[in-house]
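Written below as structure tokens is the structure these notes are about.
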Amino acid sequence: MTATHCVKNSDGNIIGFIVDGVFYTDYKIKENIQYIDNMSLEKGGALAAVEQLLETTYKKAVNEAEYNRLIKENASDY
């Protein structure tokens, strides 16, 4: 699995990551760090990426993506 984006909230704080096209919270990443090829857990408990990840916001990465998926999925119903 590979992380591609770090996801920030409206205050600019990192709240999760996009891994293989799916949003995962910081907590979920920490629980499953052994499966993510380009991330590690530092001694203090902070997540670190091997290389700098692209940044996106929660609204763009999750809300808009889910909305667009639902529109495409239900397009045949109209």
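What follows draws every value from the coordinates through simple rules; no lab data is involved. Bear in mind that the values here come from a model prediction, so they are computed numbers and not experimental data. Quick reminder, even Gly has a Cβ in these numbers, built from the backbone with ideal geometry, and neighbours come from all protein chains shown.
Kindly give Rg over Rh for segment 34-78, based on alpha-carbon atoms, with the Kirkwood expression for the hydrodynamic radius. Please report the intermediate quantities before stating the final value.
On the way: Rg = 16.7 Å, Rh = 13.5 Å.
Here Rg/Rh amounts to 1.24.
Which value in Å is the Kirkwood Rh of the chain over different Cα pairs?
Details: mean 1/r = 0.0745 Å⁻¹.
Across the chain, the inverse of the average 1/r is 13.4 Å.
Specify the angular offset, from 0 to 90 degrees and rounded to the nearest 10, of the alpha carbon long axis of helix 65-74 from the longest principal axis of the alpha carbons in the chain.
With rounding to tens, the tilt is 30 degrees.
Which whole-Hz couplings ³J(HN,Hα) result when phi for each residue of segment 15-24 is put into the Karplus expression 6.51 cos²θ - 1.76 cosθ + 1.60, θ = phi - 60°, listed in order with x for Gly and Pro?
After applying 6.51 cos²θ - 1.76 cosθ + 1.60, I find 10, x, 9, 9, 10, 6, x, 10, 7, 10 Hz.
Which of the lysines could a cross-linker span from Lys30 if the Cα-Cα distance has to be under 26 Å and same-chain partners fewer than 8 positions apart are dropped?
Excluding near neighbours in sequence, the set is Lys8, Lys43, Lys59, Lys60.
Please give the FRET efficiency for Glu42 paired with Ala65, using the beta carbon to beta carbon distance and R0 = 30 Å, rounded to the nearest 0.05. Present the calculation step by step, with values, prior to reporting the outcome.
On the way: r = 29 Å, r/R0 = 0.97.
FRET efficiency, Glu42 to Ala65: 0.55.
Relative contact order of the chain, please, whole-number percent, based on alpha carbon pairs below 8 angstrom and at least 6 residues apart. Before the final figure, lay out each step's value.
On the way: 104 pairs, mean separation 23.1, N = 78.
Relative contact order, the chain: 30 percent.
Sorted from fewest to most neighbouring beta carbons within 10 Å, what does the list Phe23, Phe17 look like?
Working: Phe23 19, Phe17 24.
The fewest-first ordering by Cβ neighbours comes to Phe23, Phe17.
Quick check: residue separation of Thr57 and Asn9 times 0.36 nm, minus the Cα distance between them. What number comes out in nm?
Details: separation 48, 0.36 × 48 = 17.28 nm, distance 0.59 nm.
Value of the extension gain: 16.7 nm.
Only four residue types carry charge here, +1 at the Cβ of Lys and Arg and -1 at the Cβ of Asp and Glu. Report the dipole size of the chain about the Cα centre in Debye, rounded to the nearest 20. Intermediate values should be presented prior to the final figure.
On the way: 8 positive and 12 negative charges, 23 e Å.
Result for the chain is approximately 100 debye, rounded to the nearest 20.
Quick one: of the DSSP bridges fully inside the chain, what percent are antiparallel, nearest 5? Could the numbers behind the result be given before it?
Working: 12 of 16 bridges.
Beta bridges within the chain, antiparallel portion: roughly 75 percent.
DSSP loop (so not H, G, I, E, B), at most 15 other Cβ within 10 Å: list which GluC sites (Glu not before Pro) in the chain pass both filters.
Numbers: sites: Glu31, Glu42, Glu51, Glu55, Glu64, Glu66, Glu73; in loops: Glu42, Glu51.
When the GluC sites (Glu not before Pro) of the chain are filtered for loop state and at most 15 Cβ neighbours within 10 Å, Glu42, Glu51 remain.
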